[in-house]
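Reading through the structure tokens given below for one structure.
The values are calculated or read from the model by the stated rules, or taken from the named source; none is laboratory data. Please read all numbers here as calculations on a predicted model, not as lab measurements. Quick reminder, even Gly has a Cβ in these numbers, built from the backbone with ideal geometry, and neighbours come from all protein chains shown.
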């Protein structure tokens, strides 16, 4: 990212509380993923970080850069017609909720260039954000469209909305 001219503001470690084991025992279990939060350049001062919202979301404590969130399982896991998981790397909504709450404002636009089953779009819609999703596999496009079309309840942000206005 640095070689492309971006500036790394933070790295966030997603610590998977329920990682898939390495059944062959040929390496360590992959229990983390790294998210990079970047600005366009080191000189760029215009970016959104909703510190007060994230602090409130985290029980009035500053949120750390290690997020302990389980893999997408149960009701949240989207299944295909065969009953198996529709996408091998579906992310949990809680992960995207934190990303979107921390780095966007209401009515903002979120881009996901690897849209998959539409978790980013689903969470963006629930949080009152717009989204752009790019996906090349028609099967995933159909699943994401159906998923997002079925959302009719927004997450209540009454407490966050007032603080969001203060952050602007």
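Specify the residue that is modelled with the lowest pLDDT; the eligible residues are those in the range 22-41 that are part of a loop (DSSP other than H, G, I, E, B) and surrounded by 11 or more Cβ atoms within 10 Å (Cβ to Cβ).
Residues of the range 22-41 part of a loop (DSSP other than H, G, I, E, B): 22-31, 40-41.
Okay, now just the ones that are also surrounded by 11 or more Cβ atoms within 10 Å (Cβ to Cβ), so 22, 29-31, 40.
Working: 22: 88, 29: 94, 30: 94, 31: 97, 40: 91.
So the residue we want is 22.
Given the conditions (1) at pLDDT 95 or above; (2) part of a loop (DSSP other than H, G, I, E, B); (3) out of contact with any strand residue (DSSP E or B) (no Cβ under 9 Å at 6 or more places or on another chain); (4) within 20 Å of residue 145 (Cα to Cα), report the number of the one that residue 91 does not fulfil.
In the conditions (1) at pLDDT 95 or above; (2) part of a loop (DSSP other than H, G, I, E, B); (3) out of contact with any strand residue (DSSP E or B) (no Cβ under 9 Å at 6 or more places or on another chain); (4) within 20 Å of residue 145 (Cα to Cα), residue 91 misses (3) alone.
Between 100, 143, which is out of contact with any strand residue (DSSP E or B) (no Cβ under 8 Å at 6 or more places or on another chain) and surrounded by 16 or more Cβ atoms within 10 Å (Cβ to Cβ)?
Details: 100 fails: out of contact with any strand residue (DSSP E or B) (no Cβ under 8 Å at 6 or more places or on another chain).
143 is the lone residue from the list that is out of contact with any strand residue (DSSP E or B) (no Cβ under 8 Å at 6 or more places or on another chain) and surrounded by 16 or more Cβ atoms within 10 Å (Cβ to Cβ).
May I ask you to verify whether residue 78 is modelled with pLDDT of 95 or more, closer than 27 Å to residue 63 by Cα and in contact with a helix residue (DSSP H, G or I) (Cβ under 8 Å, 6 or more places away or on another chain)? Full working, then the answer.
Working: modelled with pLDDT of 95 or more: yes; closer than 27 Å to residue 63 by Cα: no; in contact with a helix residue (DSSP H, G or I) (Cβ under 8 Å, 6 or more places away or on another chain): yes.
Against the criterion (modelled with pLDDT of 95 or more, closer than 27 Å to residue 63 by Cα and in contact with a helix residue (DSSP H, G or I) (Cβ under 8 Å, 6 or more places away or on another chain)), residue 78 does not qualify.
Among the residues of the range 94-114, which ones are without any contact (Cβ under 8 Å) to a residue 24 or more places away in the chain, part of a loop (DSSP other than H, G, I, E, B) and over 13 Å from the mean Cα position of the chain (by Cα)? Write out each step before concluding.
The first filter runs over the range 94-114 and keeps only residues without any contact (Cβ under 8 Å) to a residue 24 or more places away in the chain, leaving 107, 109-114.
Adding the requirement that they be part of a loop (DSSP other than H, G, I, E, B) leaves 107, 113-114.
Listed by number, the list holds a single entry, 107.
Filter the range 115-140 for residues that are over 13 Å from residue 93 (Cα atoms), out of contact with any strand residue (DSSP E or B) (no Cβ under 8 Å at 6 or more places or on another chain) and not in a loop (DSSP other than H, G, I, E, B) and give the result.
138, 139, 140
Is at least one residue of the range 152-166 more than 17 Å from the chain's Cα centre (by Cα) and at pLDDT 80 or above?
Yes.
Just checking, how many residues over the range 55-80 are within 18 Å of residue 120 (Cα to Cα) and in contact (Cβ under 8 Å) with a residue 12 or more places away in the chain?
9
How many residues does the range 42-88 hold that are surrounded by fewer than 16 Cβ atoms within 10 Å (Cβ to Cβ), in a helix (DSSP H, G or I) and within 16 Å of the chain's Cα centre (by Cα)?
Qualifying residue count for the region: 1.
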